[in-house]
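A short worksheet on the structure shown next.
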Amino acid sequence: MSLLSRLREWRNNQARIEGVEVFRVFPNAVLDAIVGTLPRTKEEMLAIKGIKEAKYGKYGAAILRIIAESAPSGSDNQMASGAKISVSSNLEALLPNVSDEGKKEEDQTLSVSQFLDGLNVELSGMASRVQGEVSSVDVRERVIYFTIKDVKDESTLNCLIFRYQYDISGVEIAIGDEIIVEGVPEIYKPSGRLSMKIGVIELAGIGALQKAYEALKLKFEQEGLFAPARKRALPEFPETIALITSEQGAAIGDFTMNLGAQGLNVHFYPVSVEGKKAVFEIIKAIRYFNRSPEKYDVLVIVRGGGSLESLQAFNNEALSREVAGSNIPTLCGIGHEKDVTLAAMVADVMVSTPTATARTLRAPWDAARSTLAHTEKHLLQIYERTLLAAKHQVETFSHTLISRLDQFSKRFQALRERFSQHIPRMQFQIREARQSVIHYSDELKKQYQQVLEEAEGRIEEIGETLKRYDPKRALALGYSLIQKEGRILRSVEGVKKGDSLTLRLAKGRLDSEVTGVYND
C-alpha cells in the first residue's frame, strides 16, 4: 500500500473513532503535503501548512511512525532514526525549546498534566480491536460505560462509547455477552484512569450473531418493512445509477463487467463493506446520494458473499433502516444465493449477487436493443405488408362507396319523379286552401264583430251594477264606514269603551274614541 493510502486509511479510522468528519483530522491537501515533504522531525512537520502545535501533539507521533514504516529497507538512515517514536520523544516535544548544551537534569521534570498528555499522544496511535466478555454496563444519556474482561485470567478493560455510535453499532450489550470492540486507549486526566474510547462494537461468535439476526428480522417483519406493498418498482430504463461498494475486491469488477457498455451514468461512492466501520461509511454514502434524490434513478449496493460475521454490517439495524428510508429506489445485490441480509430484504429489489444486480439493470436495455434490431431487420417486410393491407382496404372502401352512391342516385331519381307527379295535385290543393281561407276570413270577421258588440253591452251592464254598489256612492249620500283596527264594524259586538275607531267619509276620515257602547 502506498504511503498516501496508508495515511488516508489511518485518518479515516481516526475520524471514525473520534466520531468526526475526516477533514477535521487532516484534509487531503495536508496529507499530500506530508507525502511530498516526508517530514522526519517535529520542526519539519510544523513547517507544513495546516499542522500546528495542537495537531502535532495529537497526531504527530502516529504520522512519523507511518512514514518510518513505509520507508523501504536500506533507505536514508537519518529519516528512519528521525522517525523512531518512543514515549520519551513525545514527552520531550512538550518541554521548552532549549539547546542540548543548555539542558539540565531539572529541565526534564514534567508536570503530571504534561506527562499524561504525552502518554495520550502515544496512546492515540494504538487503535486496536479487542475481544472480551462484558462484565459491567452503565447506560447513561450520552455515554455508555462498560467493562470487558479476559475469561482466561480475569484481566479487565474499562471502555466507553458515545450514544450515537452505540446506536449505529446496533448491538445492545449485556453482562455475559462476548463482544469485539474497536477504539483507542486514553487516560482520563482528572482521575488518571485508563479507558478505551470505543468507536464500534460487534458481537463475537456465530451463535450470538445468528440470534441477533433472527430477533431483528422478526422485528422488521412485524413492522412491515418486508411487505411487498411498500416496495417500489425500479424505473424501466434506468440511466443514472448511484453505486455504493468497495473500490477493492471482486464485487465492483463483477458489477461493471456485467453491466457492459450501456452508456449508463454511474456515480460511485467507495466504502468499506466489512466490519462495523462499514456501517458508518455506507450510511454516510446513502445520505450523500439522498441529498439530491432527483438526480438518480436507482441506488445500488453490492458486495460479494461471505460468512455471517463478515456480513454483519448489512444486518445492522441502523443501516437497514437507512436503506428502507431511501428516497431513491434501492437495488441490493449482496453475497450469494444463501446469503440473505436484512439490508437487502428491506430494499425495493433484492438479487443474489453483484453480477445479478448488473444484469437486472441492463436487462430492459438488452430487450429494447433486441427488439430494435429485430424491427430494423424486418422493417421493409412489415412496411410492404402494411402497404398492401392498406391498399386492399382502400380498394374495398372505394367499391363500397361507388355502390352506395349508385344506390343513392337511383333512390334520389325515383323520389324526384314521384315529387314531379304530385306537383299538379299540390297546386290544386293550394288553390282550394286559399279559397277556404278567404271564405273563412270573412265569416271570422262577422263572428268577431258580433262577439265584440255582445262584450261591450255586458261591460256596460256590469259597470252600472258596480256604480250601484260602490261604497263611495253611499258615502256621498252622507253615510260613513266605521273601522276598528282595519276591520269594518257591522255591530257593537267586540267594541268597548275607550277603543279607537276610524270613520271613513266621502272625503277624508276621522279618528274617534268610543265613549259609550249601546246594544239597541
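Below, the figures for the structure above:
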read-out: Electrostatic dipole magnitude of region 174-271 [Cβ: Lys, Arg +1; Asp, Glu -1; Cα centre; debye, to 20]; value: 340
read-out: Estimated dipole of the chain in Debye, rounded to 20 [Cβ of Lys and Arg +1, of Asp and Glu -1, Cα centre]; value: 2960
read-out: Within region 244-267: backbone nitrogen closer than 13 Å to the Ala368 label point (7 Å, Cα to C-beta); value: 262-265
read-out: Percentage relative contact order, region 319-434, counting C-alpha pairs under 8 Å, at least six apart; value: 15
read-out: Rel. contact order, % - alpha carbon contacts under 8 angstrom, at least six apart, the chain; value: 8
read-out: Dipole axis of the chain (+1 Lys, Arg; -1 Asp, Glu on Cβ), positive-most option in Gly125, Leu319, Ser136; value: Leu319
read-out: Subset of Lys149/Lys277; Lys472/Lys507; Lys58/Lys197; Lys197/Lys277 violating a 18 Å alpha-carbon distance limit; value: Lys149/Lys277
read-out: Longest site-free stretch - the chain; sites: trypsin sites (Lys or Arg not before Pro), DSSP loop, at most 12 other Cβ within 10 Å; value: 339-489
read-out: Per DSSP, loop GluC sites (Glu not before Pro) in region 198-274 with at most 14 further Cβ within 10 Å; value: Glu236, Glu239, Glu247
read-out: Cβ-based net charge around Met196, under 12 Å, with every Lys or Arg adding one and every Asp or Glu removing one; value: +1
read-out: Per residue accessible area of region 221-287, 1.4 Å probe, in Å²; value: 52
read-out: Whichever aspartates and glutamates have a C-alpha closer than 13 Å to that of Lys445, once near sequence neighbours (fewer than 8 apart) are set aside; value: Glu453
read-out: Between helix 112-123 and the chain: long-axis angle, C-alpha atoms, 0 to 90°, nearest 10; value: 80
read-out: Degrees, to the nearest 10: 354-469 long Cα axis against longest axis of the chain; value: 20
read-out: Percent accessible area from carbon and sulfur atoms, the chain, protein chains only, probe 1.4 Å; value: 54
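The values are calculated or read from the model by the stated rules, or taken from the named source; none is laboratory data. Everything numeric in this text was worked out from a predicted model, so none of it was measured. We place every Cβ from the backbone using ideal geometry, glycine too, and count neighbours over all the protein chains shown. Surface areas here come from the heavy atoms of the whole protein model, side chains and all, with no ligands, DNA or RNA. Shrake-Rupley method; radii C 1.70, N 1.55, O 1.52, S 1.80 Å.
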